[in-house]
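One structure is given here, and the rest of the page talks about it.
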Amino acid sequence: MQAKVNLPDPSLITEELINKYPAKVAKKRRKSIVVNDPETTPEVQANVRTVPGIITQRGCSYAGCKGVVLGPTRDIVNIVHGPIGCSFYAWLTRRNQTRPETPEHENYITYCFSTDMQEEHVVFGGEKKLKVAIQEAYDLFHPKAIAIFSTCPVGLIGDDVHAASREMKAKFGDCNVFGFSCEGYRGVSQSAGHHIANNGVFKHMVGNNNEVKAGKFKLNLLGEYNIGGDAFEIERIFDKCGITLVASFSGNSTVGAIENAHTADLNVIMCHRSINYMGDMMETKYGIPWMKVNFVGAESTTKSLRKIAEYFGDEELKARVEEVIAEEMPAVKAIIDEIRPRTEGKTAMLFVGGSRAHHYQDLFTELGMTTIAAGYEFAHRDDYEGREVLPKIKIDADSKNIEELKVTADPDLYNPRKTEAELEELKAKGLEINGYEGMMKQMMKKTLVVDDVSHYESEKLIELYKPDIFCAGIKEKYVVQKMGVPLKQLHSYDYGGPYTGFKGAVNFYKDIDRMVNNPVWKMIKAPWEKAESESLEASYVAS
Ligand code: CFM
């Protein structure tokens, strides 16, 4: 594939990005900045510690565990064991929506539960206070489950959240209590917290309820957290196709659904980074294969639905999926036809999390736009280069910190949903089972891939490439916009969304059209448009 846009020489760009760094830092950063080639997928340094002093956009292990993976499940009381700030900053900041069955059903997402650790507890221990908090939550809410999240001081002083949880669980008898050693420092980013969360959910929740519910085509949706209502749109499409969603991990989800997840016949994975561990563990223990899907983008949605239908191999389902696509696509096409002449040929940069920098490229492609540079904040090499590099990834001291569960086939419940021969047949049809090819194979040659991009590098990239839109988060938003480039938040969606499925794609096209074609950006004098002498005030909007 050839770029429709003129790309500057990417090797010169790399030099520009790192030439202001001290030699040691430059050497390290150089390994995380690569010129893409979809054929050879060069190695990207990823999932390594950020250089101290560099402004990164990463979060912590606790954020990945509590905020990302466990947080969206509405009927778990999530108690943060730590100082109040850790809880406050994880309180309703992620826009994970949920829809209780009735207004009377449990929904604890709006609450902020914390042990409010004080100096006294740091010095003399906080377990007693934690048990009091668990008891209080139980007395007030009688929830199905209580999860405890360790913040940094908990690990430093050695409070045993697991022992406290076990004790309280035994005491209550009707409430599942379990803890997570997800102290912020456990890994180099929130990615460590995802893994810790996967282990805990797998150990303490999945498999607790063996009741097999009705439904011919049963699957779990892994790694979809219902930001801005994304999961609602996917659920709507599944319903329409006659696909039964047993559990979502964990957007719009419940304890009951997750406990029952092992009765599904397929796991489809949206966000590979945050939940691939669960897919693998469920395959080993229960015999459920997983498949990577992407419901971001109308074309990607149709592809994913067809993959699901092909997996189940049922002619009626295949026909129904085609009917749904035929019903949904005209409205999408109509909007595309209207908008695309205005967006065609424009350029985008995406620096987001651990999956969206890849997924959202499909929506831009649908708009005729080119992604000229992209990167994740905390993904691993497999999310860039594809899972075939997994055996080649060096396990460093930081990764060794995180427990690898030893999973074996369940003596009673292991039931391979497909035989080896059937799996081979599906693979021959082009269905990637238990695989993910990563971001780079989809990006054009000579585009730039940057892992854990620093604030300085983002500004440099904007100066050098002058993209039509930059996608990142709230921390970058206003700096980028002051440079005269619109920034689309792909974590919170700038309070919009959903962006998944057919209806979500339309929302996205309209939002991007409004942003890249807004005349206001031309009225801002960008720093590179100013004379040298004026450059001191370059970061201000007014000129
Ligand atoms: Fe997965 Fe996510 Fe993401 Fe993520 Fe996140 Fe998020 Fe994200 Mo923000 S689970 S990796 S840790 S898709 S909160 S819903 S938007 S960084 S790209």
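Values computed for the structure shown
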read-out	value
Calculated FRET value between Lys333 and Gln442, using beta carbons and R₀ = 25 Å, to 0.05	0.65
Largest to smallest principal axis extent of the C-alpha atoms in the stretch 82-131, angstrom	44, 22, 9
Compactness of the stretch 245-306 as Cα Rg over 2.2 N^0.38 Å, two decimals	1.12
Debye equation applied to the C-alpha atoms of the stretch 284-438, log10 I(q)/I(0) at 0.12, 0.15, 0.19 Å⁻¹	-0.74, -1.05, -1.30
GluC sites (Glu not before Pro) lying in DSSP loop within the stretch 51-128, provided at most 16 other Cβ fall within 10 Å	Glu101, Glu104
Beta bridges by DSSP in the chain, antiparallel share as percent, to the nearest 5	15 percent
Alpha carbon convex hull of the stretch 69-190, volume per residue in cubic angstrom	100 Å³
Packing-based ranking, highest mean first, of 392-398, 313-319 given that Cβ atoms within 10 Å are counted	313-319, 392-398
Accessible surface, the stretch 429-505, averaged per residue in Å² (probe 1.4 Å)	31 Å²
Electrostatic dipole magnitude of the chain [Cβ: Lys, Arg +1; Asp, Glu -1; Cα centre; debye, to 20]	980 debye
The chain - mean residue ellipticity at 222 nm from DSSP helices (-39,500 (n - 2.57) per run, n ≥ 4, rounded to 500)	-12000 deg cm²/dmol
Label-to-label distance, nm, for residues given as Glu404 and Lys530 (7 Å Cα→Cβ offset)	5.2 nm
Net lengthening on full extension, Glu15/Phe172 (0.36 nm per residue, minus Cα-Cα)	50.4 nm
Over the chain, relative contact order from alpha-carbon pairs under 8 Å, at least 6 apart, %	20 percent
Amide H contacts of Ile269 (H built 1.01 Å from N, under 5 Å, at least 5 apart or other chain)	Leu222, Met291, Lys292, Val293
Where labels lie 7 Å past Cα in the beta-carbon direction, separation of Ala326 and Thr110 in nm	4.4 nm
The chain: C-alpha pair distances exceeding 31 Å, %	48 percent
Difference of contour (0.36 nm per residue) and Cα-Cα distance, Glu463 to Leu413	12.3 nm
Length gained when the stretch Phe124-Val389 is fully extended (0.36 nm per residue, less Cα-Cα span)	90.8 nm
Packing rank of 382-388, 261-267, where each peptide gets the mean count of other beta carbons within 10 Å, highest leading	261-267, 382-388
Projected label distance in nm at Lys213 and Val25, using a 7 Å step from Cα toward the beta-carbon	5.1 nm
Asn176 long-range amide H proximity, modeled H, under 5 Å	Ala145, Ile146
Normalised alpha carbon radius of gyration of the stretch 124-217 [divisor 2.2 N^0.38 Å]	1.23
Unit Cα scatterers, Debye sum, the stretch 7-148: log10 I(q)/I(0) for q = 0.13, 0.22 Å⁻¹	-0.76, -1.34
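The values are calculated or read from the model by the stated rules, or taken from the named source; none is laboratory data. The structure presented is a predicted model; accordingly, all values stated were derived computationally and were not measured. Note that we place each Cβ from the backbone using ideal geometry, even for glycine, and neighbour counts take in every protein chain shown. Remember, those area values only see protein heavy atoms, side chains included, never the ligands or the DNA or RNA. Shrake-Rupley method; radii C 1.70, N 1.55, O 1.52, S 1.80 Å.
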